[in-house]
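The values are calculated or read from the model by the stated rules, or taken from the named source; none is laboratory data. The shown structure was predicted, so the numbers you read here are calculated from the model rather than taken from an experiment. Here the Cβ positions follow ideal geometry from the backbone for every residue, glycine too, while neighbour counts run over all protein chains shown.
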Amino acid sequence: MTPMLEQYVHWKDKYPDCLLFFRMGDFYEMFFEDAKTASAVLDITLTSRSKDSENQIPMAGVPFHSVDSYLGRLVAAGYRVAICEQITEPDGRTLVERSVTRIVTPGTWLPENSDGDGKIAACLFEGKNLSVALLDSASGALRAGTFALEGGVSILSAFAPNEVLLRRGQLEQFRKSCPSLTSCNTVERDKGDFSPPQASSWLCRKWNISSLSAMGLDDRDAAAGAAATAVKYLEETQFSKASHITAVTPILPRENLILDQNTQANLELIDQSTTSLFWVLNRCRTPMGKRMLKNWITSPLQDIAAIEARQDIVERLAGDPRLRARLGELLAGCRDMGKSLSRITLNMGSPSDMLVIKETLNFVPEIRALAAEDEALATLIPDCDTTELAALLMAAVADSVPRFLRDGGVIKGGFDAELDSWRSKAENSSSWLAAFEEAERARSGIKNLKAGVNKVFGYYIEIPKGNAGRAPMNYIRKQTLVNAERFITDELKAFEREMFSAESEMLAIEERIYAGLVEAVLAQAAAIQRTANFIAELDTLLSLGAVAAEQGYCRPQMDMSKDFVVKNARHPVVEVTLGKNPFTPNDFNFSDENGRRIAIITGPNMAGKSTYLRMAALIAVMAHMGSFIPAESAKIGLIDRVFTRIGARDELARGQSTFMVEMVETANILRHATDRSLIILDEVGRGTSTYDGLSIAWSVVEFLQGQEHARPRVFFATHYHELTQLAELLPGIVNLSMGVEESDRGVVFLHKIVEAPSDRSYGIEVARLAGVPAAVLRRSEELLATFEERGAEKNEEVKSSQQNQLTLFDVRQEAVLEELAACDPNNMTPMAALELVCRLREESRKVLGFK
Ligand SMILES: Nc1ncnc2c1ncn2[C@@H]1O[C@H](COP(=O)(O)OP(=O)(O)OP(=O)(O)O)[C@@H](O)[C@H]1O
Ligand SMILES: [Mg+2]
């Protein structure tokens, strides 16, 4: 094995669970199994080192300047990558020293140019409790708390981490307790990391405080152990002091409205798609705002004062288009300062991160001033000062920077006199050389003498062969070409030395200044972070204000009742996607006054039941975010959690049957709903036989209704008409249905909710609209009549009634007849008529089985 490969193996052995990216010049190379893995995942060529030898070593590589995109794909596929850099300059003789400088993992991955936001969760199961710490690597926000198991799991699931850190030995328990996170990347950490006394003192030392209680967390709380584990992990993988993490905030038990991952997915809250709530609400100008908006959508608030504080600002912004425009313009200039700060503190920063901070800080005074003009907005302004740092960066960082510091040009002219003088020397080199050439020509009288420079041989004076003999005495021969001789003089030699050192001098000076800038940024990390947060909050609220104004949203009144009263509500996403066809608004009307808590919604397929249900959930989410909602008016009592059981998504991948998933989700709801929960049930029981399904649906409603003091608000859409009887049997239940109009040409969906059970299903009408052949429809109608008449118990008998059974024959025959009936002979050319006859003859012969 060559020394270089030995070096590779040495590092690979230290990081066996990572792919090793081994820097070789302009490439990162991988060898052995890593090369095979990377070539398969990244679709890059697998070659081999030492091609001719017998023991070929698989090898694959990616260019260093585009490494981010490859890393992104590996991380998305769940891999960890150790980056092994060259740490000495190659001299062509000895082996370059290399060392792993960071580890890229799903939770720590912060690419420069994408929305990727690394989210790490650390969790510790202890008895009936679960302690969690949630770390947002991009913003440095760290939160932690200890909860009863179920509460902890739902907070964890709502956070949707990219990576979960567990105490060694708790993986099995994690899988069992958090089924929705089974596909999440997990890392086992040592017990010691989680132990509260050590962990707390470690954090206190880091932040230079005497006790975590200053931040509202008990030093003995296992949550402190989880918090320390998360921070340590980030520092360990990034080989840095994560100085952008400046505090831990306790997660209060009733701080957020909880939306588990299942519900987040069911409601399409933040998917990439153009049907997500995020897509409708996002008018953010900055990546920081987008990140915050996503957070707000998935973790709405559960505190009326906090919700109203946001509403006040949204109202202010919604009502003032000029303020929105001014603020929007300023925010549009801001870039992802939060992430750049994180990248710099985590040693992944590049000059462009410095530029991002400079450009963004530059807008801060104006943004602060604008916010200060308004009472509501002024509450957001952070108490910190970044003007000095901004001035430093304005003076020191160039207006456009290269990707790497070593390319030079990061530091602005005028900042450092020594750097400037080297630069002007370097810039003046060509004019100096021209003047030198002119002077030498005059001195020697040789007209075709030339002065020049070449990368390999350096500076020279060139005289064509014929005149070479006339070279002045002080010319020293340097090189002989075919047609010319090259010389150097002492003066030119001195100039050459100066020029060569200029380059390394300039680089050294730039590096020194840059290191000072990094230090200045780190010293102000907390202020930068709070400012970034301020910009993100403003941006998010501005976005909500703009959408509220443009879409005609209203401010919901929030209180401690159990009301859910919404007048003329619209579905925020469907109303946008419908385009010209207006969305038909509908009401919700649960109030303490009318005592309604459960609505059974029936009505034909396609009538809008599911839309109505999702609308309720989305409006609840929006209202608790502090957003305005698509309605005329609303009064909503605080909700602690939205549960959904909606439709069958494909769960085969998880190895569970559709019905099993349906029941697991239902069980979860029945166990954990409280009197403040909002529950959306769309066709529970559908996945099994009619009677099983009906019985389950019926008892679910009974159960939810029966908990007198813990009656949640429930919207239940169903095709089981039998359920409508419940409203007569039990209090608090109301029957709603979607209105339809019947006409000669079939049913028309009015999409309007009526307070009455629907009379029947109209399934056959929908089948007709969908183009099911008329013969099948007729047979269905016949059967339906029989079922209804005889009572469904006798359906076995019906099934075996052969004389009415439908065959493929009828369907085809009917198609021929339909076509014939539809044609208009008077308006056909003889040719078209002939064609029709031929075709129908063919069809009929097929139907009748002629060969
Ligand atoms: N209030 C409304 N205004 C306008 N269009 C609506 C409205 N509600 C629903 N729609 C339209 O009707 C379509 C069908 O709605 P939805 O899926 O909610 O019906 P459904 O009653 O749940 O049907 P199924 O019983 O088959 O599940 C939606 O895709 C939407 O485009
Ligand atoms: Mg539906």
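Couple of notes before you dig in:
- Failed item in (1) part of a helix (DSSP H, G or I); (2) closer than 30 Å to ALA371 by Cβ; (3) within 16 Å of ligand 1 (Cβ to nearest atom); (4) of a type outside the set (S, T, N, Q), with ALA620 passing the rest: (3)
- Every residue from region 574-607 that is outside any helix (DSSP H, G or I) and farther than 20 Å from ILE733 by Cα: LEU578, GLY579, LYS580, ASN581, PRO582, PHE583, THR584, PRO585, PRO604, ASN605, MET606, ALA607
- Subset of region 73-88 [more than 18 Å from GLU6 (Cα to Cα), surrounded by fewer than 17 Cβ atoms within 10 Å (Cβ to Cβ) and at pLDDT 90 or above]: ARG73
- Considering VAL748, VAL754, VAL766, the condition of being within 13 Å of ligand 1 (Cβ to nearest atom) and loosely packed, with under 14 Cβ neighbours inside 10 Å is satisfied by VAL748 alone.
- Any hit, region 493-501, residues being in contact (Cβ under 8 Å) with a residue 12 or more places away in the chain, surrounded by 12 or more Cβ atoms within 10 Å (Cβ to Cβ), in contact with a Lys or Arg (Cβ under 7 Å, 6 or more places away or on another chain) and of a type in the set (Asp, Glu): yes
- Given (1) of a type outside the set (Val, Ile, Thr); (2) within 16 Å of ligand 2 (Cβ to nearest atom); (3) closer than 30 Å to GLY706 by Cα, index of the condition GLY637 fails: (2)
- From the options ARG102, ARG143, ARG175, ARG168, residue that is within 25 Å of the chain's Cα centre (by Cα) and surrounded by fewer than 19 Cβ atoms within 10 Å (Cβ to Cβ): ARG175
- Within region 46-160, strands (runs of 3 or more DSSP E) holding 1 or more residues that are of a type in the set (Lys, Arg): 47-49, 98-104, 119-126, 141-148
- The residue of region 341-367 that is nearest to TYR514 (Cα to Cα), among those that are at pLDDT 95 or above and hydrophobic (A, V, I, L, M, F, W, C), is MET354.
- Given (1) more than 16 Å from ligand 1 (Cβ to nearest atom); (2) within 26 Å of LYS752 (Cα to Cα); (3) touching a helix residue (DSSP H, G or I) at 6+ places or on another chain (Cβ under 8 Å), index of the condition ASP592 fails: (3)
Residue by residue, here is whether (1) over 30 Å from the mean Cα position of the chain (by Cα); (2) away from ligand 2 (no atom under 16 Å from the Cβ); (3) under 22 Å from ASP303 (Cβ atoms) holds:
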site	(1), (2), (3)
VAL566	yes, yes, yes
HIS571	no, no, no
VAL576	no, yes, no
LYS580	yes, yes, no
ASN594	yes, yes, no
ALA616	no, no, yes
VAL621	no, yes, yes
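- Single unsatisfied condition, PRO111 versus (1) buried (at least 22 other Cβ atoms within 10 Å of the Cβ); (2) in contact with a Gly (Cβ under 7 Å, 6 or more places away or on another chain): (1)
- Among (1) of a type in the set (Ser, Thr, Tyr); (2) farther than 22 Å from ILE258 by Cα; (3) surrounded by fewer than 19 Cβ atoms within 10 Å (Cβ to Cβ), the one test that THR674 misses: (2)
- Screening THR237 with (1) part of a helix (DSSP H, G or I); (2) touching a Gly at 6+ places or on another chain (Cβ under 9 Å); (3) within 30 Å of TYR612 (Cβ to Cβ) gives one miss only, at (3).
- Segments classed as helices (runs of 4 or more DSSP H), wholly inside region 658-750, with at least 3 members that are more than 16 Å from ligand 2 (Cβ to nearest atom), under 31 Å from the mean Cα position of the chain (by Cα) and of a type outside the set (Phe, Trp, Tyr): 658-672
- Tally, over region 471-507, of residues that are basic (Lys, Arg), modelled with pLDDT of 90 or more and not in a strand (DSSP E or B): 1
- Counting only helices (runs of 4 or more DSSP H) that fall entirely inside region 346-428 and contain at least 2 residues that are under 29 Å from the mean Cα position of the chain (by Cα) and basic (Lys, Arg), the qualifying elements are 351-372.
For every residue, the table says whether it meets (1) buried (at least 22 other Cβ atoms within 10 Å of the Cβ); (2) among the aromatic types (Phe, Trp, Tyr); (3) part of a loop (DSSP other than H, G, I, E, B).
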| residue | (1), (2), (3) |
| --- | --- |
| ALA242 | yes, no, yes |
| THR263 | yes, no, no |
| THR275 | no, no, yes |
| ARG283 | no, no, yes |
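- Selected residue (criterion: farthest from TYR15 (Cα to Cα)) from residues of region 260-269 that are among the hydrophobic types (A, V, I, L, M, F, W, C) and at pLDDT 90 or above: LEU267
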